[in-house]
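The values are calculated or read from the model by the stated rules, or taken from the named source; none is laboratory data. Note that this is a predicted model, so its numbers are computed, not measured. Neighbour counts are summed over all protein chains in view; Cβ atoms, including those assigned to glycine, are modelled from backbone coordinates with ideal geometry.
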């Protein structure tokens, strides 16, 4: 009887442990390193928490290191972007849709002289699709100032990019790249400004463990500021 009790308790403990392990939800973390000809160097961190629903809870943070996004003399008050969203895996996991709400902190949306927490709100959507020959990524974001407009000049931004491609092999994607950034709704009633409108080619390399590297380059089709005619953008996505 004693042996039976010990065996029963052992099996119960093992089953409870196995069930606990089975029900434990995944929490993943990744980084994306970007360098381009306008914003410069900007590392991004992503986090994802699995839920019992048909979506994951996602978080992200973008560290914009271009000194023009803050105090150029001191190299401080740089734009920090943080956000939270929902990640949906659709079409038998071939599509990933991630709407998020971000917030900007620092000195970016206005001519205010001091750092501001929650200076702007940044609704954004990221989408990725991969099936058969098609590999596609796209992103849309609107940077909206939240501060009092009666005492400072504010401005909003609209950013979007598209990267459609063809899976040449399991490791290589060849395609195009388009990205546009403009200033809208300036408080001083100035006209909207097109900062850049990029279009060019793109090469994406896929490595083991979900690592991906992309190089894009081409022409600057339209700008109201600056005089550059070409652009480049390099990014590396690294799950940790």
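Descriptive notes on the structure:
- All positions within region 109-123 that are at pLDDT 90 or above and within 15 Å of residue 182 (Cα to Cα): 122
- The test for being within 30 Å of residue 213 (Cβ to Cβ) and modelled with pLDDT of 95 or more holds for residue 139.
- Highlighted here are the strands (runs of 3 or more DSSP E) found entirely within region 167-237 that include at least 2 residues which are at pLDDT below 90: 172-184, 193-206.
- Criterion: closer than 20 Å to residue 46 by Cα and at pLDDT below 95 - qualifying residue of 104, 75: 104
- Checklist (1) more than 13 Å from the chain's Cα centre (by Cα); (2) within 21 Å of residue 26 (Cβ to Cβ); (3) surrounded by 17 or more Cβ atoms within 10 Å (Cβ to Cβ) applied to residue 51, failing item: (3)
- Of everything in region 116-143 that is touching a residue at least 40 places away in the same chain (Cβ under 8 Å) and farther than 19 Å from residue 59 by Cβ, the residue that is surrounded by the fewest Cβ atoms within 10 Å (Cβ to Cβ) is 131.
- Among residues of region 193-208, those that are farther than 20 Å from residue 138 by Cβ and touching a strand residue (DSSP E or B) at 6+ places or on another chain (Cβ under 6 Å), counted: 1
- No other residue among 92, 73 is free of Cβ contacts under 8 Å to residues at least 12 places away in the same chain and under 30 Å from residue 52 (Cβ atoms) apart from 92.
- Residue 218 vs. criteria surrounded by fewer than 17 Cβ atoms within 10 Å (Cβ to Cβ) and touching a strand residue (DSSP E or B) at 6+ places or on another chain (Cβ under 9 Å): no
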